[in-house]
Amino acid sequence: MTEVYAAFLSSSSELLQDSVLNRLAARTAPATCTASKLGPKVHVELLFVPTAAKVPTIQLGHAVYEDRTGMPQHTEQRASRFGAAEPPGAADQLQGVACSIHYGGEAFCKEKAFSRKNWEFRRVPATAEQAETALAWFRAREGDGFNKTGFFAEPVRRAARRYGVSCAPNPFAPRSWLQGARPRWFCSELCEAGLRHAGIVTHMTRSPHPEQFFQEIKQLSSVAAPVSGRGSGDAMLF
């Protein structure tokens, strides 16, 4: 069994570089009445976390995870449920296979640990078959490029929808002829497409801003490991 999480970075996160791109992503985020005090979401990744309810170990990608559910817990430091090369502070992390894309980079699907102190998580309900289908889809998308035109055009398309212009085709869609031989994506666009392909979501806005993706996925998911502090790590880009 594999659990699916959407992991978000807000504009105030220390993991984000102070760049024109990230400031633009924050300033063009849709206004919401439930905006977080951490600022609008500017980056999202999907995380596939293995669970081993009935087997002693489970393999995901190239990693084998040992189920520690039945092990004694200590009040000083909670044992991590999965014990594959557990680094310091692993009890404060979610580990699995992350799928997304960074600005100027390529779509990826790689093993990764997410700090609960920097990322905000939503657990997305999905069957084992749906999770497997989604992960296979993301693996097939590895190497696709970043959709720069789609990213910069997203605020314009969103504004047009407010005035009823929602039926016009998106010339900067991932598979538009303008994108070349391979599809191109920005992070929330890729994540929404993968969830839709697997049937996990069916009625979400296509090619959404990360904040819009967050607001819509909230209606279909539950809170998991909310941001509780600040930490350090590699800079991430929208």
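Data for the structure
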read-out: Cβ-Cβ under 8 Å pairs, at least 6 apart or on other chains, the stretch 121-143 side within 14 Å of residue 196 (Cβ to Cβ), far side buried (at least 21 other Cβ atoms within 10 Å of the Cβ) and hydroxyl-bearing (Ser, Thr, Tyr); value: 124/5
read-out: Some residue of the stretch 63-85 being more than 21 Å from residue 192 (Cα to Cα), surrounded by fewer than 18 Cβ atoms within 10 Å (Cβ to Cβ) and modelled with pLDDT of 55 or more; value: yes
read-out: Pick from the stretch 115-129, criterion surrounded by 17 or more Cβ atoms within 10 Å (Cβ to Cβ) and polar (S, T, N, Q), ranking: nearest to residue 213 (Cα to Cα); value: 118
read-out: Unmet criterion (only one of (1) surrounded by 15 or more Cβ atoms within 10 Å (Cβ to Cβ); (2) touching a residue at least 60 places away in the same chain (Cβ under 8 Å)) for residue 157; value: (2)
read-out: Residue in the stretch 130-153 that is buried (at least 19 other Cβ atoms within 10 Å of the Cβ), modelled with pLDDT of 85 or more, outside any helix (DSSP H, G or I) and among the polar types (S, T, N, Q) present; value: yes
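The values are calculated or read from the model by the stated rules, or taken from the named source; none is laboratory data. The shown structure was predicted, so the numbers you read here are calculated from the model rather than taken from an experiment. Methodologically, a virtual Cβ is constructed for each residue, glycine included, from the backbone with ideal geometry; neighbour enumeration extends over all protein chains shown.
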